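Worksheet: the structure to be examined is printed underneath.
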C-alpha cells in the first residue's frame, strides 16, 4: 500500500469532515478496549457472586485492556471466521491466566451490543455538546441583531418585516427541539446486560445453579461498572434495533435543522444581506475570481441529505429482524450508525464555525426594506388619511391605483419604488411628505420581534445553556471546515 493510502478508498467522513474526537469513538481502539472492559466487568461480577475467579485473573485482564494485538486478532479471525472469538483469543494471549474465564456464559452480543450502546451514549453526548455550542453562537448573534429590521419572507416572497435577531431565533428553536430529542435518547438508553443467546439468560442460570437473584444481580453489577443505572428489561439476543432507529432519527433531526439554517444562509447570501465567513485567501470559484460561494453552508446541506436518508436505513433494519436474532443487521449497522454520527459531527462543526462568524450587511437589508415597505405601509397611511377626514373607500381605490403604477415602474422599467411620492402628491390624502416619511419608519413594522428575542433568550435558551455549563461557542479556530 502506498504512503497515505493513496491507492485505497478512504471515506471523506474520516479524511475530510469529522473531528478527531468523534473518529476516536468509532475507532478499533475504542471498540475493542470496551469489549475488554466488558469482559472484566463480567468476570468481576461473576466472582462477586461466587464463581471461582481469582483476583490475579482480574488483575491480569485489567493490565491488558489497551494493548491489543490486532495482527494476532486478524490471524485468529481468518482461522475462526468469528470476530468476537478472535478477540477472546487475543485477550487470552495477553492475559493467559484468565483465558479459561474470559466471556464466561456470554454470547457475542454481550460485548458487541453493550459496546454499541456505550459508544452511542458517548457519541450522543458529543453531539449534544456541539449542538449547544451552535446554539450559544446563534444566541449571541440574535441578541446583537434583536432590533435590526429585515424583510420577512413567506413563499420567498416579501412579507411583513421581522428582525435579523428574530430570524436567528427560528434557527435556535429548531436546535432546541433537537436538544430535547437528544436528551430523551440519552435518558432512555439502557445497557443490554447479560441476556444470553435468546435473551433467556439460560447459560447464566446454569452457571449460578438456577439462582434467579444472582443472575439478576449479575446484570446490575455489570451495568453499574459500565456507568448505567439500568439494563434492557427484556430482549432477544440483541437490544431492539429500534434503538438504533431512534438514535438515527434524532441525528436526522439535527441534520434537518442544520440544513434549514444553511439553506436560509445560502438564500441570504444570494440577497447579499448575510454571508458565511469568507477567509482572506479563500477562492470562491476556479473560473470566476469575484465569486463568494457559500460552500460551508452548501456542505452542511450535502451532509444533512445523507443523514436524513440514513435514518430510513435504520428503520428498515429494525423492521426486518427475525424472532430472537438474525445477522442481516450487523454489516449494515457497522456502516449506518457510525457514518450518521460522523456526518452530524461534521455538520455541527461547520454550523458552529458559520454561526460564530455570520457577516451582516445592514445597508443592503435597508435597501431591500425600502423597496417593499411603501407597499406594506399603505394600510397605516390610509388609516392616517381617514383620521384627517378622508373617505376610506376612495382612499383605498387611490392607493390601489398608485400601487399598481409604482409596481409597474419597479418591475417593467427597473425604476425605484416611487409610491410615497405619488401619495404625497395626491391631495386626496392630505398628508405632507415629512408625515409620510414618519409612516415609513421600519421600526414601526417589526411588531414584538425585539421583545420576543429577549424573552426567548432569557426564558428558554440561556437557562438551557447554563444547565449544561455552556457559556459560548468556544474556540472556533480549533474547528477545521
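Yes or no: residue 373 in the same structural domain as residue 168 (by TED's automatic domain parsing) and in a helix (DSSP H, G or I)? The answer is no for residue 373.
Just need a number here: residues in region 30-55 that are farther than 17 Å from residue 195 by Cβ and assigned to a helix (DSSP H, G or I).
Quick first cut of region 30-55, residues farther than 17 Å from residue 195 by Cβ only: 30-34, 36-37, 40, 43-44, 47-48, 50-55.
With assigned to a helix (DSSP H, G or I) added as a condition, the list becomes 30-34, 36-37, 40, 43-44, 47-48, 55.
Qualifying residue count for the region: 13.
Look at (1) over 28 Å from residue 249 (Cα atoms); (2) in contact with a helix residue (DSSP H, G or I) (Cβ under 9 Å, 6 or more places away or on another chain); (3) without any contact (Cβ under 8 Å) to a residue 24 or more places away in the chain; (4) surrounded by fewer than 21 Cβ atoms within 10 Å (Cβ to Cβ) and you find that residue 209 fails only one, number (2). Report yes if some residue within region 355-370 is farther than 20 Å from residue 276 by Cα and surrounded by fewer than 16 Cβ atoms within 10 Å (Cβ to Cβ); otherwise report no. Checked against the condition, which is being farther than 20 Å from residue 276 by Cα and surrounded by fewer than 16 Cβ atoms within 10 Å (Cβ to Cβ), region 355-370 yields at least one hit. Which condition number does residue 448 fail, the rest of (1) closer than 20 Å to residue 153 by Cβ; (2) out of contact with any strand residue (DSSP E or B) (no Cβ under 9 Å at 6 or more places or on another chain); (3) buried (at least 16 other Cβ atoms within 10 Å of the Cβ) being met? Residue 448 satisfies every listed condition except (3). Filtering region 426-435 to residues that are surrounded by fewer than 19 Cβ atoms within 10 Å (Cβ to Cβ) and touching a helix residue (DSSP H, G or I) at 6+ places or on another chain (Cβ under 9 Å) leaves 426, 428, 430, 432, 433, 435. A single member of 60, 77 is farther than 23 Å from residue 116 by Cβ, out of contact with any strand residue (DSSP E or B) (no Cβ under 7 Å at 6 or more places or on another chain) and part of a helix (DSSP H, G or I), and it is 60.
For region 241-257, filtering for residues that are crowded, with 16+ Cβ neighbours inside 10 Å and either over 17 Å from residue 339 (Cα atoms) or over 29 Å from the mean Cα position of the chain (by Cα) (or both) leaves 1.
The values are calculated or read from the model by the stated rules, or taken from the named source; none is laboratory data. Just so it is clear, the model here is predicted, and its values are computed rather than measured. Glycine gets a Cβ as well: all are built from the backbone with ideal geometry, and neighbour counts include every protein chain shown.
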